[in-house]
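These notes are about the structure you will find just below.
The values are calculated or read from the model by the stated rules, or taken from the named source; none is laboratory data. As the structure is a computational prediction, the values presented were derived from the model and not from experiment. Here Cβ is always computed from backbone atoms with ideal geometry, including for glycine, and neighbour counts include all displayed protein chains.
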Amino acid sequence: MMGFLSLLARNRLALAGLVVMVLVVLLALVTPLLPLADPDVTNTGDRFLPPFSEGALLGTDHLGRDLLSRLMWGTRLSLAVGFAAAVIAAVLGAAVGIVAGYYGGRTDNLIMRGVDMLMAFPYILLALAIVAALGPGLLNALIAVAAVNIPFFARNIRGITVGIAHKEFVDAAKLAGMGNGRIILTEILPNVIPVIVIAMSTTVGWMILETAGLSFLGLGSQPPQADLGSMLGEARSALITNPHTSVVPGVMILVIVMAINLLGDGVRDALDPRLRSGALTRPMASTTVRREGPVPEAQGDAVLDLRDLQTQFHVKDRVYRAVGGVSLGVKPGECLGIIGESGSGKSVTALSVMGLVASPPGVITGGAVHYKGQDLVGAPYETLRDLRGREVSYIFQDPLATLHPLYKVGDQLVEAIRVHHRVPDKEARQKALGLLKDVRIPNAESRMDSYPHEMSGGMRQRVGIAMSLANDPEVIIADEPTTALDVTVQAQILSLLDTLRREKRLAIVFITHDFGVVAQLCDRVAVMYAGRIVEEGPTQAVLDAPAHPYTARLIACVPELGEGKRQLHAIPGLPPAVNDLPPGCAFAPRCDKAEPACKRGEIALEGTARRRVRCIHPETELEAAQ
Amino acid sequence: MTTALRLENLSKTFAVGKRLFGAPKGHVHAVHPVSLEVAEGETMGIVGESGCGKSTLARMLVGLLEPTDGTIEIAGKPLDNADPAVFGKRIQYVFQDPISSLNPRKTIRQIVEAPLKLLHGMDKAQRDDRIREIFAQVNLREEFLDRYPHEFSGGQAQRIGIARALAAEARILILDEPVSALDVSVQAQVLNLLADLKKRLGLTYLFISHDLAVVEAVSDRVAVLYFGSVVEVGRAEDVFARPRHPYTRLLAESAPVVGRALTAPEGRETELPDPLNPPKGCAFRARCPNAGARCAEEEPMLEGDGHLAACFHPVR
């Protein structure tokens, strides 16, 4: 709750709305206690007194009634009716929406077609029809306003419910013996309440306006009872001669609706989980660089050379050291594997190369990325943009998420080519077709006109690879490109990547968590743990004789086909959180060889250029292993 | 050896393109008639790629989906009405995604308590005792009980999911890819916990996975699913060491293994058949190196003694 309020308060306009609303509601609540004139007593002798007159601060209306008193009582009534209508519409609409969304099928179809019919009428017409049928009166106006707003809630809540009803925890609840009623009340409802609150906060304003509208037309509150709408309606005839009688309720309506809407937007922003996680703050075009200390020089003949790269995430007052000083290099025609578990920093390392880490909260705080001698960290956005896709390209894990669902794959390939090369459309299409053939897509001509959803996962990933090849890059960074695929498809994609790399002398950085994949594809491998490389070397050497205890035990964890039924080796404990790394070796708390020395100072990545390990008690001596 | 679970000709057909009135546009046979027997105390592995119907099969087994045809028998007693609450006491489900199988707005205590309260009608004191016992079994600390799911890592959440399944006191657990969302080091922890629980409590497992190595490490027997049908079933060591169905061999050869050179195990078009328009005869024949004329005409049946395969030209 406090978190919600502080989030809300960060939005200045919402805070202003909240303050105004609290004031208005307080005034409406204390109205009966205030020494006000009777709002309904007419005194035609004092009609149309101007504001600031004796005994009538805001003047009087056409019957000589005190405007201030009528305004206060009228506001009270309008607010009450507006809120009541919102609550009724929300409760009924949510009930209808949850039932339709949860049961689905025919129930859903019938309910939602009924709701659609209700929505097909212009809402003010529908409200008028309802009032006409029920007769004028405030209560009937309330019913009408609530009724016309039910569809809005029903549709909104139904959409959310459909998503939740198919979640696994609902299945689990069924298996725990819950009936449908109980599931709706205890599993679904708590998860849709935030949405109901959001929908309500953004519609209360409308409802107040709509009630005022009906009262303005004389269908709501009946004389002499005042609400904001009827006050406006009665003042209409004197609009030119005595404008203050219309201005007073008009300003009040403006203030209330503005305040509610600002507050409602704030409530939505603070409650909506997607917005709360920062989706509204658009990431910058390239990662922020705040580099302290010297820029390391490039070493060796690698085409892409990372030196002591450090990337952090700054969230509020916490600092997550996702990448804590990574040095890597990859030569043309070479495939370098980066292996690690989730949270080890392997993907962030890859994204840092081209400044693709979302900023905020990501910041590159140190090190360098040398590409053909040029330092990419801190390079101007234009340079990065020119290199992205043309010199260094990426293949991501989920091709369904990286391909645009609304464009044909051929057009997307053409776009990727024409971003970097000013070639005629026809030529680009020829090239795109060639690319699809390069990645062995059957019937490439007809596949050019397919949409991503029409292809299988393996075919989509082939398109993803074709796109990364579109501009003949020197380096491809593949971030778990086969994790989402079936094994038979994975085998094809891996062999395709291997062939392409040999044909085109590509340097590939291959990120994975699978030792089998690394063993088959990569020349060298770097093992990452808690944001740092703990071991690096030729794949065969590392897999045959792992030197770091983490590598050794991780390999032992992986079941391999052909070993039969058995007890597996597990590593106890969990990887450390990168905002709270222990001093010394990050693996020490889980390592059975750990000694006090491991938990003290920094441990360097030591060894030869070919084979290095960050451990003071390695499993094998590196010299002996070579 | 008693039979814990017996399926006879269990099948599921989904209507596609449903309309408010009138017949649907087509039908998809997600699961073709499947017959399987799982002995008490056995771990039956079910292997298959995405779209092979393994999740549909699993959901039918716990009553979350009503079978189109066929029967399910648990410990000799048939279960014919698809009511998860009836199924729940005898057979339970552990979900693939540990986090999304826990309601984010409930505490762990509320989640684990539900089956105790609703399936077994225990009072508060009994429930607390039982939860303590179960939490000790799955190596979770009791202080977790008053926290919410988002505070847990994947491995811990999966243990909570297992605790919930144990709370129902079912003798059979369906494990639907229980470790595929977990990191390898945590995966081994969960697999070992499952093996330990099975030994101590005498449970029967149906272990569904796409990862052959994992299935081999935990299973006594294995069934291989392709396009909604069981194409091979037998003892785990036989199926993986000497596969008889060409698809099983393809699966085994595709799994990346340290020390084996990289080769694409098949050169042909590798798409699954269109489920709306299934091919005549064997569904695998378009990808099969051994396919012959008979494969295009007849649908092969499961044949063999102990180690069965549905193939006219089995691998030798």
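Values for this structure:
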quantity	calculated
B:L140 vs. criteria surrounded by 17 or more Cβ atoms within 10 Å (Cβ to Cβ), more than 12 Å from chain A (Cβ to nearest Cβ) and either part of a loop (DSSP other than H, G, I, E, B) or touching a Cys at 6+ places or on another chain (Cβ under 9 Å) (or both)	yes
Top-ranked residue of the range A:279-309 - restricted to ones that are in a strand (DSSP E or B) and farther than 29 Å from A:R505 by Cα, ranked as nearest to the chain's Cα centre (by Cα)	A:T288
Elements of type strands (runs of 3 or more DSSP E) in the range B:59-115, at least 3 residues being crowded, with 23+ Cβ neighbours inside 10 Å and modelled with pLDDT of 90 or more	B:91-94
Listing of helices (runs of 4 or more DSSP H) fully contained in the range A:503-569 that carry 1 or more residues being more than 35 Å from the chain's Cα centre (by Cα), more than 9 Å from chain B (Cβ to nearest Cβ) and buried (at least 24 other Cβ atoms within 10 Å of the Cβ)	A:539-544, A:549-557
Test: residue in the range A:190-209 that is under 28 Å from A:P50 (Cβ atoms), polar (S, T, N, Q) and surrounded by 20 or more Cβ atoms within 10 Å (Cβ to Cβ)	no
Residue among A:G105, A:G59, A:G74, A:G135 that alone is crowded, with 17+ Cβ neighbours inside 10 Å and on the phi > 0 side of the Ramachandran plot	A:G59
Subset of the range A:360-374 [closer than 9 Å to A:A298 by Cβ and touching an Asp or Glu at 6+ places or on another chain (Cβ under 6 Å)]	A:A368, A:H370
Qualifying position, being part of a helix (DSSP H, G or I) and hydroxyl-bearing (S, T, Y), among A:S450, A:S446	A:S446
Verdict on A:T620 being among the polar types (S, T, N, Q) and modelled with pLDDT of 85 or more	no
Checklist (1) hydrophobic (A, V, I, L, M, F, W, C); (2) within 30 Å of A:L485 (Cβ to Cβ); (3) more than 13 Å from every other protein chain (Cβ to nearest Cβ) applied to B:L65, failing item	(3)
A:F121 in the same structural domain as A:A80 (by TED's automatic domain parsing), at negative phi and crowded, with 20+ Cβ neighbours inside 10 Å	no
Any chance A:L496 is within 14 Å of chain B (Cβ to nearest Cβ), part of a helix (DSSP H, G or I) and closer than 23 Å to A:L356 by Cβ	no
Among the residues listed as A:G329, A:G366, the single one being in a strand (DSSP E or B), away from every other protein chain (no Cβ under 14 Å) and under 30 Å from the mean Cα position of the chain (by Cα)	A:G366
Pick from the range B:242-256, criterion at the interface with chain A (Cβ under 7 Å from one of its Cβ atoms) and assigned to a helix (DSSP H, G or I), ranking: nearest to A:Q492 (Cα to Cα)	B:S254
Leading residue by the ranking (nearest to the other protein chains (Cβ to nearest Cβ)) among those in the range A:578-590 that are part of a loop (DSSP other than H, G, I, E, B) and under 30 Å from B:A217 (Cβ atoms)	A:F587
Pairs, first of a type in the set (D, E, K, R) in the range A:525-539, second surrounded by 24 or more Cβ atoms within 10 Å (Cβ to Cβ), C-beta under 6 Å, six or more apart	A:E535/A:V527; A:E535/A:A547; A:E535/A:H548; A:E535/A:T551; A:E535/A:V613; A:E536/A:A526
Filter pass, A:I196 being at pLDDT 90 or above, part of a helix (DSSP H, G or I), within 14 Å of chain B (Cβ to nearest Cβ) and farther than 16 Å from B:I111 by Cβ	yes
Any hit, the range A:377-386, residues being more than 21 Å from A:K504 (Cα to Cα), among the polar types (S, T, N, Q), in contact (Cβ under 8 Å) with a residue 40 or more places away in the chain and in the same structural domain as A:P473 (by TED's automatic domain parsing)	no
Only listed residue being within 28 Å of A:L521 (Cα to Cα), assigned to a loop (DSSP other than H, G, I, E, B) and either modelled with pLDDT of 85 or more or touching a helix residue (DSSP H, G or I) at 6+ places or on another chain (Cβ under 9 Å) (or both), chosen from B:G306, B:G259, B:G281	B:G259
Flag if A:N149 is farther than 30 Å from B:E66 by Cβ, touching a Ser or Thr at 6+ places or on another chain (Cβ under 7 Å) and modelled with pLDDT of 90 or more	yes
Close pairs from the range A:586-606: first touching a residue at least 12 places away in the same chain (Cβ under 8 Å), partner assigned to a loop (DSSP other than H, G, I, E, B) and among the charged types (D, E, K, R), Cβ under 8 Å, at least 6 apart	A:I603/A:R614; A:L605/A:R614
